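Quick notes on the structure that follows.
The values are calculated or read from the model by the stated rules, or taken from the named source; none is laboratory data. If you're wondering where the values come from, they're calculated on a predicted model, not measured in any experiment. Please note: Cβ atoms are built from the backbone with ideal geometry, for glycine as well, and neighbour counts cover all protein chains shown. These area figures cover heavy atoms from the full protein model, side chains too; ligands, DNA and RNA do not enter into them. Shrake-Rupley method; radii C 1.70, N 1.55, O 1.52, S 1.80 Å.
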Amino acid sequence: MGLRLEVDFSKCSGCKYCELWCSFKHEGFFSSTFSRIKIIKDDLREIDFPLICQNCEDAPCSKSCPTKALYFDEKEKKVKLDEFLCIGCGSCIDACPYGYLSMNPLKLKPLLCDLCGGQPECVKRCPTGALFLTSRDQQIEKPQKHELGKDYATALAAGLRLRSKWGIRDV
C-alpha cells in the first residue's frame, strides 16, 4: 500500500518550520541545508510551497545510481537509500525531474525523505496543517481556485495587478 506525504498548498505559509524540524529529527541540529523537505520561495508568483519526494514508480534517481544504492521498494511504494552502497556521486540529484534531491554536505549522501518511519516530524510540527500523510493509492482532490477562499483570491488578484504594473508576465 505505502504512504505518501501530501501538501495543501493553500495552507503553506513558507515558515520553514518543517525544514528545521526535519533536520533536527535526522541530524540533531536545526539547519535547512540538512532537511529532506524543501520550501521553495517563488517570488515571481508570490507563493511558497514545500517540495517533497514524489516517490516516482519509474524512479529516475534510482535508474541513474551506478551502485543501486537508491531503489524503489515495491512493498512500501517509495524510494529508499542504502547509505552503505552510496558512493556520493550525485547522479541521482541530476536525474530527479523535480529538483528535489540534494546532498548532505557532511556525509556526501543524498538527503531523501524516509517519512520518519510513518510518523513524519514535518507533519507533526507544521503549524498550519499544510502537510499531511495519506495512502499512496488514495486520490487527493486538489482545491480549485474558487475553493481556496477570499483571502487567497484577493492575494492572487493583488499579485497579478502588481506583476502587470511592473511589466512582469506570468510564466
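Observations on the model:
- The H on the amide N of Ile39, modeled in the peptide plane, is under 5 Å from the matching H of Leu51, each at least 5 residues off or on a different chain.
- The simple Förster model, with R0 at 45 Å and r as the Cβ-Cβ distance, assigns Ile87 and Glu46 a FRET efficiency of 0.65.
- Between Ser13 and Lys107, full extension at 0.36 nm per residue minus the direct alpha carbon distance yields a gain of 30.8 nm.
- Accessible-area rank, largest first, for Arg36, Arg125: Arg125, Arg36, with all protein chains present and a 1.4 angstrom probe.
- Couplings 3J(HN,Hα) of the stretch 34-41, computed from phi: 9, 7, 8, 10, 10, 9, 9, 9 Hz, in residue order, whole Hz [Karplus 6.51 cos²θ - 1.76 cosθ + 1.60, θ = phi - 60°; x for Gly and Pro].
- Among the protein heavy atoms of the stretch 1-127, carbon and sulfur supply 55% of the accessible surface, probe 1.4 Å, non-protein parts ignored.
- Distant-in-sequence amide H partners of Leu111 (H built 1.01 Å from N, under 5 Å): Ser102, Met103, Asn104
- Prolate/oblate/rounded call for the stretch 1-87, Cα gyration tensor, a/c under 1.5 rounded: prolate
- The listed residues Thr67, Thr134, Thr33 rank as Thr33, Thr67, Thr134 when sorted by accessible area, largest first, using a 1.4 Å probe.
- A 1.4 Å probe run over the stretch 1-104, with the rest of the protein chains in place, finds 53 Å² accessible per residue.
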